[in-house]
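Quick notes on the structure that follows.
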Ligand SMILES: [Zn+2]
């Protein structure tokens, strides 16, 4: 009996299909939502008697091998390997039956396995592993979790793994290909992972295909990942997916987080459907991987600006794949790891219930800092949203999002259908009008040109959001890019002209002419621009409040009291901030000073 026949006899199509769909009994057979095409009522049928499947919707049919080949994107020999491994079958694969790529792959996997063994032994070693064990204990990670995620430790020297691989007779060139070893200029091999907690990255079927490492010392690279290799294409894998897959299917939901420790902490607290993209922006392949098991994808990212930005990109990517995600909010400055430790799995469940619809998240974020009364603000924010809407291929979904966008921005939906044309016209019109900069904006730019060094002082204040409200934002951003930290000058200004619109170029020219002799009095400049920033901040606050008011109106129209309440709270925060600014510089005093001038 050949291998194929052996596998066929040991496995039922029910076992294999259950890896990918939820089966419901229906007479002698089983039914499920088809994994090959999207549908709302089940037309995918599994027939145990014939050991085959058939879909009455898309007409795909086949046996256990076809099922695995299609679902895992594998060749036939690879599908056999997959089944043998997945179901632990007592079947010997004969030589010559493997795919042509297999022996090379096997050698690479073997090298990774030897490395994993070494890293795990280090962690358990009484002397070597002590720092690492203490670190993990301090982060509240249990022995069982260490076991589940096969965590290890790379000791802090240059040849610990190298020596181990030599002893184990591992081909060192392969270890270099995998990024386990690096090579110095004089050709000497060394350990790439040093002084790091090691997280093995597993394929869907549980093979060790790469490693991630977090430094326990002062390495400036906090995290280090294996490079791309024949085994590892980071955009196609998700950290924790092997451990989470069954739970994603069971719960019908996947929670996407940012970091290794987020995944690990959530799993430890029983939220086992958490996975993470591997130190990159979410990719289409990763969305597809999740989508095979669920339509309910939640993003649970850090509550800082970087996290919100990443969540926005994630939402865009998921929407583009015709899935509508939800976004969980762990509070300003929070992260999932801390959150689950503080609030437990119930707290996380609550956040799931409160999660914001992904498209609404996108709308709200793009409207932040937008003044609905200013057409160019509105247009920029609209563009951001419509860029995503236009990538959605399902016409009904696209139409729905178009309608919601029009509602939120209070524009006629017909304009959005004809947007490309409208945008071109608006741009052309804008390029003829001069830039309207406020007196404080002008004063700030003049100081900046006269004394570029002040940028050091104010760079942290020039947040994207703040710069975004300035008419000269593009000019300012280009200037900031050209600032040289060591010379305190703007460099390569010659190249700036072609990056500016006509009105921006005119403004810069005018500013350069009107800027007096470069002043050397740094302190004088600093105190001058302080007033400018106060006025920027006040403007930003006004913008925010105006924008929130318009969002409150939308939420009221949508009869969404929760959202209304949330927005009201946000608004009162901004109102308080505004009060603080005024307290520092009371309005009447400012008026008095202005009249003295
Ligand atoms: Zn189908």
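The values are calculated or read from the model by the stated rules, or taken from the named source; none is laboratory data. Every value quoted in this text rests on a predicted model; they were computed, and no experiment measured them. We place every Cβ from the backbone using ideal geometry, glycine too, and count neighbours over all the protein chains shown.
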Name the residues in region 37-86 that are at pLDDT below 80 and not in a loop (DSSP other than H, G, I, E, B), would you?
-> 72
Search region 549-564 for residues that are in contact (Cβ under 8 Å) with a residue 24 or more places away in the chain and pair each with any residue that is assigned to a loop (DSSP other than H, G, I, E, B) when their beta-carbon atoms are under 9 Å apart and the residues are at least 6 apart or on different chains.
-> 550/370; 550/372; 550/410; 554/410; 554/560
Look at region 51-65 and say how many of its residues are more than 10 Å from the ligand (Cβ to nearest atom) and without any contact (Cβ under 8 Å) to a residue 24 or more places away in the chain.
-> 1
Given (1) more than 19 Å from residue 472 (Cβ to Cβ); (2) surrounded by 12 or more Cβ atoms within 10 Å (Cβ to Cβ); (3) touching a helix residue (DSSP H, G or I) at 6+ places or on another chain (Cβ under 9 Å), where does residue 493 come up short, assuming only one miss?
-> (1)
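Would you confirm whether any residue within region 358-379 is farther than 23 Å from residue 542 by Cα and in contact with a strand residue (DSSP E or B) (Cβ under 9 Å, 6 or more places away or on another chain)? Step through it out loud before you land on a result.
Within region 358-379, the subset farther than 23 Å from residue 542 by Cα is 358-359.
Right, trim to in contact with a strand residue (DSSP E or B) (Cβ under 9 Å, 6 or more places away or on another chain) and you get 358.
Yes; the residues of region 358-379 include at least one that is farther than 23 Å from residue 542 by Cα and in contact with a strand residue (DSSP E or B) (Cβ under 9 Å, 6 or more places away or on another chain).
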Residue 36 meets each of (1) over 28 Å from residue 394 (Cβ atoms); (2) within 16 Å of the ligand (Cβ to nearest atom) with one exception, condition (1)
Given the conditions (1) more than 27 Å from residue 132 (Cβ to Cβ); (2) in contact (Cβ under 8 Å) with a residue 40 or more places away in the chain, and given that residue 273 satisfies all but one, which numbered condition is not satisfied?
-> (2)
Of the candidates 185, 174, the one satisfying the condition of being in contact with a helix residue (DSSP H, G or I) (Cβ under 9 Å, 6 or more places away or on another chain) and modelled with pLDDT of 90 or more is 174
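Take residue 121 and decide whether it is assigned to a helix (DSSP H, G or I), out of contact with any strand residue (DSSP E or B) (no Cβ under 7 Å at 6 or more places or on another chain), at pLDDT below 95 and not assigned by TED's automatic domain parsing to the domain that holds residue 242. Can you show your working first?
Details: assigned to a helix (DSSP H, G or I): yes; out of contact with any strand residue (DSSP E or B) (no Cβ under 7 Å at 6 or more places or on another chain): yes; at pLDDT below 95: no; not assigned by TED's automatic domain parsing to the domain that holds residue 242: yes.
Against the criterion (assigned to a helix (DSSP H, G or I), out of contact with any strand residue (DSSP E or B) (no Cβ under 7 Å at 6 or more places or on another chain), at pLDDT below 95 and not assigned by TED's automatic domain parsing to the domain that holds residue 242), residue 121 does not qualify.
Would you be able to tell me the number of residues in region 174-202 that are part of a loop (DSSP other than H, G, I, E, B) and buried (at least 18 other Cβ atoms within 10 Å of the Cβ)? Lay out the reasoning, then the answer.
So the first thing to find is which residues in region 174-202 are part of a loop (DSSP other than H, G, I, E, B), and the list is 178-180, 184-188, 192-195.
Those still in the list that are buried (at least 18 other Cβ atoms within 10 Å of the Cβ) too: 178-180, 192-195.
Number satisfying all stated conditions: 7.
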Flagged in region 11-22 as crowded, with 16+ Cβ neighbours inside 10 Å, assigned to a helix (DSSP H, G or I) and touching a residue at least 40 places away in the same chain (Cβ under 8 Å), in numbering order, are 13, 16, 17
Within region 23-33, of all residues that are within 16 Å of the ligand (Cβ to nearest atom) and in a loop (DSSP other than H, G, I, E, B), the one modelled with the lowest pLDDT is 33
Just a yes or no: is a residue in region 87-94 within 16 Å of the ligand (Cβ to nearest atom), farther than 30 Å from residue 195 by Cβ, modelled with pLDDT of 80 or more and surrounded by 15 or more Cβ atoms within 10 Å (Cβ to Cβ)?
-> no
Kindly indicate the residue of region 39-50 that is near the ligand (Cβ under 10 Å from one of its atoms) and farther than 24 Å from residue 82 by Cα and also surrounded by the fewest Cβ atoms within 10 Å (Cβ to Cβ) among those meeting that condition.
-> 39
